[in-house]
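Trainee: My structure is below; once you've seen it, I'll send some questions.
The values are calculated or read from the model by the stated rules, or taken from the named source; none is laboratory data. Here the structure is a predicted model, which is why all the values come from computation and not from measurement. Cβ: placed from backbone, ideal geometry, glycine included. Neighbour counts: every protein chain shown. Please note that ligands, DNA and RNA were not included when accessible areas were found on the heavy atoms of the full protein model with its side chains. Shrake-Rupley method; radii C 1.70, N 1.55, O 1.52, S 1.80 Å.
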Amino acid sequence: MIEITESFDREKWENFVFSHPEGNIFQTCAMADVYRSTRNYGPVSLAAVEQESGEILAGLQAVIIRDAPGLVGSISSRSIIIGGPLFTEGKKGLEALEKLLDYYEKFLHNRAIYTQIRNHFDTGTSKNTLESLGYQYEPHLNYLINLNRPAKEIWGDIHKPRRKGINRAEKIGIEVRKIETRDEVKDCYKVIEETYKNVRLPLADISLLESAYDQLSDSGLIDFYLAILDGEVVGSRVVLKYKGLVHDWYAGSKQEINYVNEAVVWHMLSEYAGKEKEFDFGGAGHPDKPYGVREFKRRFGGEEVNFGRYEKVHDRNKKELLNLGFKAYKKLNLARVL
């Protein structure tokens, strides 16, 4: 018999995620700890367990995000599942997945307007189950770069215009380094915040990066990078690391300074070459919709994949309000920029 539980053995969960072929940092207890200490974030951790053996058959780590507390939060709340749910192979695993998601929706109980599942792997085996439960699939691109080789080979795959940008960044004196103290998380966040404002997108509170630094740094699961020109921070990037996968999480750069992103990405790729397995560019948008940085990512020569996303709306009226609010947010920020 399969039981769904919110209370499970932490070590068993971590072993399940680590040993799973598609296990990733976003499904770990460590990431739940990060979310728990982040303003307007709340983790959801559920496991489907075989009662007789105690074996975990499926697991789900989600985060409920609100843009603000109170009323604004209630009409902006959404639940995001990144790199999950995870489940064992075969009929038993799919049965556990179905029961897990049934329980998950009851558990939400008006806490989220919609759920979005951001896939990190091919979901061919679970697609029918997810769609039967009302999750709608849409394509979403990403680029993956093989790191298990010398930096020279990675350089050879980078398109010529991108290589020129990297060389020009070096000539004008852009230097890249990891942060040295927790206080420098503020420097990282400041330039990321500026970038998000420029593209008119909402950004998580700084407590997300501060919590990630506190929870993940000592175990080597996160790196923060700064790009510096003439003593000023002009760019930053934050990556998560787990089982050889380097995930490009947050990035920002000064709009008026050229070649910053080229410099930081190449610095990371060359540093991780031969030490990690794969660099995940963190998504490149819907193939049929404009996405500003898709071309930038593509020209680093990685493999294009289309694992897609799933979405299920739990409250359509609030979802329409949320969409209208997001459009108003973008217009308001555009007015501020102009």
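Trainee: Just to be sure before I move on: is residue 307 under 17 Å from the mean Cα position of the chain (by Cα), modelled with pLDDT of 95 or more and assigned to a loop (DSSP other than H, G, I, E, B) in the structure I sent?
Mentor: Answer is yes for this residue.
Trainee: Go through region 208-230 and count every residue that is open to solvent by 30 Å² or more (accessible area, probe 1.4 Å) and among the hydrophobic types (A, V, I, L, M, F, W, C).
Mentor: Adding up the residues that qualify gives 2.
Trainee: Kindly indicate which of 149, 163 is outside any loop (DSSP other than H, G, I, E, B) and out of contact with any strand residue (DSSP E or B) (no Cβ under 9 Å at 6 or more places or on another chain).
Mentor: 163
Trainee: Out of region 6-37, which residues are aromatic (Phe, Trp, Tyr) and within 25 Å of residue 248 (Cβ to Cβ)?
Mentor: Correct list: 18, 26, 35.
Trainee: Which of the residues that make up region 241-260 are in contact with a strand residue (DSSP E or B) (Cβ under 7 Å, 6 or more places away or on another chain), farther than 21 Å from residue 25 by Cβ and surrounded by fewer than 21 Cβ atoms within 10 Å (Cβ to Cβ)?
Mentor: Listed by number, the residues that qualify are 254, 257.
Trainee: Is there any pair linking a residue in region 161-186 that is at pLDDT below 95 to one that is surrounded by 12 or more Cβ atoms within 10 Å (Cβ to Cβ), with Cβ under 7 Å and at least six apart or on different chains, and which?
Mentor: Sorted first by the residue in region 161-186, then by its partner, the pairs are 161/299.
Trainee: Kindly indicate whether residue 218 is more than 25 Å from residue 19 (Cα to Cα) and either out of contact with any Leu (no Cβ under 9 Å at 6 or more places or on another chain) or assigned by the TED database to the domain that holds residue 34 (or both).
Mentor: No.
Trainee: Output the residues belonging to region 22-51 that are in contact with a Leu (Cβ under 9 Å, 6 or more places away or on another chain), closer than 19 Å to residue 92 by Cα and surrounded by fewer than 19 Cβ atoms within 10 Å (Cβ to Cβ).
Mentor: 22, 50, listed by residue number.
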